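Notes to accompany the following structure.
The values are calculated or read from the model by the stated rules, or taken from the named source; none is laboratory data. For clarity, every value in this text was computed on a predicted model and none was experimentally measured. As a convention, Cβ positions derive from the backbone with ideal geometry for all residues, glycine included, and neighbour counts pool all protein chains shown.
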Amino acid sequence: MEKDVRISKRVSQISKSAIHEMTRLSKQVEDVSFLSWAKPTSDTPEHIKEAAIKAIKEGLVGGYSETTGLLKLREQIVKKLKRDNTIEANVSQIMVTVGAIEGLAAAVMALIDPGDEVILPTPTYSTHIRQVIIASGKPVLIPLIEEDNFAWDFDAVKKAITSRTKAIIYCSPSNPTGTVFHENQLHRLAEIALQNNLMVITDEAYEYFTFDGHRHFSIASIPEMRKHAVSCFTFTKTYAMTGWRIGYLHTDEELIPQISKAHIPFAICAPTVSQYAALAALEGPQDCVEAFRSHYLATRNTMCERLDRLNTAFSYTKPGGSYLMFPKILLEEGKDSITFCKNLLQKARVSTTPGIAFGPTGEEHLRLSFCVPEAEIHKAFDRMENYFK
């Protein structure tokens, strides 16, 4: 087809999202078992919903908040960062955003010029790659070492750095692999960033969901990284608030006004009602977060047990965090992950996500989500066992 001259080059070079395409196709099939959506099936805790209702009734949510977010919310975020991330912050270093994703987008737009190179691991969350492209930057994808639990290849990172390299973006715990990058790895990454005067932009959406002794580590807690890190967090995963679209970022206070220049045309401010809900999330009981984590641990173990029974079809690395995993497809038809997942959907009525959506080394894999009831996992794997027979 002839190129549509109405569309910008930066958008036209982005391929259709395999994640959203599978969602669209799944809606055309009856009685689908969904293992493809990276959103909690749990409802938002009651005390959070009640706080939002109270704010609505009191007439607090009909207008814009400050561009950077409600002061009370930013004050609570400062306390949370010190308590849970060992990050010393103040309110002038915080911006409340429309989920972590808008914070990431605003940061990329503020930091990346056309032609700048940005290093990302592969596999990685596909939206990070697209954000760099939309900013007219160049994504430089560095394969993770799958045999070593998807660890960073630091020699490859060093070799990839050029005079145009501006930043490194990563997600930990990882979407899609569930890898929790160890503190030692992130200290090494920080050393590379500091030696080459690079920014590090992080997506820490799954920070509370770690298992088996793995611990989340925020690179911004390294004092030397204070001026070199933009750390993006979200309430949407932690408190089952994906539809509320509320997150925040932390960075050097000199950068906040610059990131605001991108944040304002994207969003003006985060939804005010969601900010009051987020405030209640931080001020209220935290046992709901542990309940979610315990549930994900149980469902992860269930999914691993079911995968063990399909060891001629899949191999996998047990995820140390998030609620996602990334099995390798061992079957010949798995070399094309999109076709493989479409067949699984149409013939077995199981919705999964093609690995190619997460970068070139994602091919021959598929992403599975275990933030679902255990019954849904069993239903999906019963169908897959019958299909592979």
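Data overview
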item	result
Residue count, segment 260-270 (criterion: surrounded by 24 or more Cβ atoms within 10 Å (Cβ to Cβ) and of a type in the set (A, V, I, L, M))	1
Unmet criterion (only one of (1) within 20 Å of LYS82 (Cβ to Cβ); (2) without any contact (Cβ under 8 Å) to a residue 12 or more places away in the chain) for PRO257	(1)
Subset of segment 68-90 (residues that are buried (at least 17 other Cβ atoms within 10 Å of the Cβ) and among the aliphatic types (A, V, I, L, M))	LEU70, LEU73, ILE77, VAL78, LEU81, ILE87, ALA89
Every residue from segment 271-324 that is crowded, with 20+ Cβ neighbours inside 10 Å, in contact with a His (Cβ under 8 Å, 6 or more places away or on another chain) and in a loop (DSSP other than H, G, I, E, B)	GLY320
Residue count for segment 337-389, restricted to those that are assigned to a loop (DSSP other than H, G, I, E, B) and aliphatic (A, V, I, L, M)	1
Among (1) closer than 22 Å to TYR323 by Cβ; (2) touching a Lys or Arg at 6+ places or on another chain (Cβ under 9 Å) - the single one VAL132 does not satisfy	(1)
Checklist (1) of a type in the set (S, T, N, Q); (2) under 30 Å from LYS158 (Cα atoms); (3) in a helix (DSSP H, G or I) applied to THR124, failing item	(3)
Extreme residue, nearest to the chain's Cα centre (by Cα), among residues of segment 131-148 that are over 17 Å from ILE112 (Cβ atoms) and assigned to a helix (DSSP H, G or I)	GLU146
Residues of segment 87-104 classified as among the small types (Gly, Ala, Ser), outside any loop (DSSP other than H, G, I, E, B) and under 14 Å from THR251 (Cα atoms), total	3
Of residues in segment 1-21 being touching a residue at least 24 places away in the same chain (Cβ under 8 Å) and under 18 Å from the mean Cα position of the chain (by Cα), the one surrounded by the fewest Cβ atoms within 10 Å (Cβ to Cβ)	SER17
Subset of segment 22-33 [surrounded by 10 or more Cβ atoms within 10 Å (Cβ to Cβ) and either of a type in the set (A, V, I, L, M) or touching a residue at least 12 places away in the same chain (Cβ under 8 Å) (or both)]	MET22, THR23, LEU25, SER26, VAL29, VAL32, SER33
Test: residue in segment 295-318 that is modelled with pLDDT of 95 or more, closer than 24 Å to GLU376 by Cβ, out of contact with any Leu (no Cβ under 8 Å at 6 or more places or on another chain) and assigned by TED's automatic domain parsing to the domain that holds ALA193	no
Tally, over segment 345-364, of residues that are farther than 22 Å from PRO40 by Cα and surrounded by 15 or more Cβ atoms within 10 Å (Cβ to Cβ)	7
Residue check for GLU102: under 30 Å from SER163 (Cα atoms) and modelled with pLDDT of 95 or more	yes
Some residue of segment 151-167 being farther than 23 Å from ARG226 by Cβ and buried (at least 24 other Cβ atoms within 10 Å of the Cβ)	no
Any hit, segment 288-298, residues being of a type in the set (Ser, Thr, Tyr) and more than 21 Å from ASN90 (Cα to Cα)	yes
Verdict on LYS389 being of a type in the set (D, E, K, R) and either touching a His at 6+ places or on another chain (Cβ under 8 Å) or free of Cβ contacts under 8 Å to residues at least 60 places away in the same chain (or both)	yes
Residue list for segment 100-110, filter: closer than 13 Å to GLU204 by Cβ and surrounded by fewer than 24 Cβ atoms within 10 Å (Cβ to Cβ)	ILE101
